[in-house]
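Visitor: To start, I am sharing the structure in question, which I have written as structure tokens.
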């Protein structure tokens, strides 16, 4: 399932994930709190469904899902390692596996650092800046697991 990231419901969801109460979202947009609540319920269902589909497609056994945060914690069956699936406003749905990477020689080094920083920023999580994306990801996802 494709998440409609340009949809109003997704905008409401991002606002709530950022800590904004439903009543504040409603007041900002000039709509009823009930309309916001209904939209968020529908978006939570879509996000949970998307996370579950990604887990199934990637053979990840689900341990925990938090649709309000857009995160699924699980374990990769074929790789026998921890996995996390998350919804990013900027990067869409992402799957990350716990691993010891050789980031210095990886062609995706810059892309990984950008994704980690963007996702941490979206969630309002502070992480230490290092030259090793694996270390940054470990810190970020440890904090995400606490939130989930």
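Visitor: Here is a list of conditions, (1) over 19 Å from residue 144 (Cβ atoms); (2) touching a helix residue (DSSP H, G or I) at 6+ places or on another chain (Cβ under 7 Å); (3) not in a loop (DSSP other than H, G, I, E, B), and residue 38 meets all of them except one; can you say which number that is?
Guide: Of everything listed in (1) over 19 Å from residue 144 (Cβ atoms); (2) touching a helix residue (DSSP H, G or I) at 6+ places or on another chain (Cβ under 7 Å); (3) not in a loop (DSSP other than H, G, I, E, B), residue 38 misses just condition (2).
Visitor: What's the total number of residues in the stretch 1-13 that are modelled with pLDDT of 95 or more and surrounded by fewer than 18 Cβ atoms within 10 Å (Cβ to Cβ)?
Guide: Within the stretch 1-13, residues that are modelled with pLDDT of 95 or more and surrounded by fewer than 18 Cβ atoms within 10 Å (Cβ to Cβ) number 0.
Visitor: Among the numbered criteria (1) under 15 Å from the mean Cα position of the chain (by Cα); (2) assigned to a strand (DSSP E or B), which one does residue 45 miss?
Guide: (2)
Visitor: What are the residue pairs meeting all of these: first residue in the stretch 45-64, first residue in contact (Cβ under 8 Å) with a residue 60 or more places away in the chain, second residue part of a helix (DSSP H, G or I), Cβ atoms under 9 Å, and 6 or more apart or on different chains?
Guide: Pairs that qualify, where the first residue is in contact (Cβ under 8 Å) with a residue 60 or more places away in the chain and the partner is part of a helix (DSSP H, G or I), are 64/145.
Visitor: Also, I was wondering about something else. What number of residues in the stretch 16-29 are surrounded by 13 or more Cβ atoms within 10 Å (Cβ to Cβ) and within 26 Å of residue 147 (Cα to Cα)?
Guide: 7
Visitor: Out of the residues in the stretch 101-148 that are outside any helix (DSSP H, G or I) and within 21 Å of residue 76 (Cβ to Cβ), state the one that is modelled with the lowest pLDDT. Before you say what the answer is, go through the steps one by one.
Guide: Quick first cut of the stretch 101-148, residues outside any helix (DSSP H, G or I) only: 101-102, 106-108, 124-132, 148.
Going one step further and asking which of them are within 21 Å of residue 76 (Cβ to Cβ), we end up with 101-102, 106, 108, 148.
Numbers: 101: 77, 102: 81, 106: 86, 108: 88, 148: 81.
It comes out as 101.
Visitor: Out of the residues in the stretch 101-121 meeting the condition of being within 16 Å of residue 139 (Cβ to Cβ) and touching a residue at least 24 places away in the same chain (Cβ under 8 Å), tell me which one is surrounded by the most Cβ atoms within 10 Å (Cβ to Cβ).
Guide: 119
Visitor: Being assigned to a loop (DSSP other than H, G, I, E, B) and touching a residue at least 40 places away in the same chain (Cβ under 8 Å) is the filter; apply it to the stretch 70-100 and report the residue that is farthest from residue 122 (Cα to Cα).
Guide: Applying the filter and picking the extreme gives 98.
Visitor: Please work out which residue is farthest from residue 70 (Cα to Cα), limiting yourself to the stretch 128-147 and to residues that are crowded, with 18+ Cβ neighbours inside 10 Å and within 16 Å of the chain's Cα centre (by Cα).
Guide: As a first pass, look at the stretch 128-147 and keep what is crowded, with 18+ Cβ neighbours inside 10 Å: 133, 136-137, 140-141, 144.
Keeping just the survivors that are within 16 Å of the chain's Cα centre (by Cα) gives 136-137, 140-141, 144.
Working: 136: 20, 137: 17, 140: 15, 141: 13, 144: 10 Å.
Among those residues, the one meeting the criterion is 136.
Visitor: If we keep just the residues of the stretch 30-69 that are farther than 21 Å from residue 122 by Cα and touching a strand residue (DSSP E or B) at 6+ places or on another chain (Cβ under 8 Å), which is surrounded by the most Cβ atoms within 10 Å (Cβ to Cβ)?
Guide: Looking at the filtered set, the residue picked out is 60.
Visitor: Does residue 48 satisfy the condition of being closer than 20 Å to residue 15 by Cα and modelled with pLDDT of 95 or more? Don't jump to the end; show me each part of the working.
Guide: Working: closer than 20 Å to residue 15 by Cα: yes; modelled with pLDDT of 95 or more: yes.
Judged against the criteria, residue 48 is a match.
Visitor: Still on this structure, please answer the following. Hey, any hits in the stretch 81-102 for a residue that's over 15 Å from the mean Cα position of the chain (by Cα) and on the phi > 0 side of the Ramachandran plot? Break it down stepwise before answering.
Guide: Step one: of the stretch 81-102, the residues over 15 Å from the mean Cα position of the chain (by Cα) are 81-82, 98-102.
Adding the requirement that they be on the phi > 0 side of the Ramachandran plot leaves none.
Looking through the stretch 81-102, none of the residues is over 15 Å from the mean Cα position of the chain (by Cα) and on the phi > 0 side of the Ramachandran plot.
The values are calculated or read from the model by the stated rules, or taken from the named source; none is laboratory data. The structure presented is a predicted model; accordingly, all values stated were derived computationally and were not measured. Glycine gets a Cβ as well: all are built from the backbone with ideal geometry, and neighbour counts include every protein chain shown.
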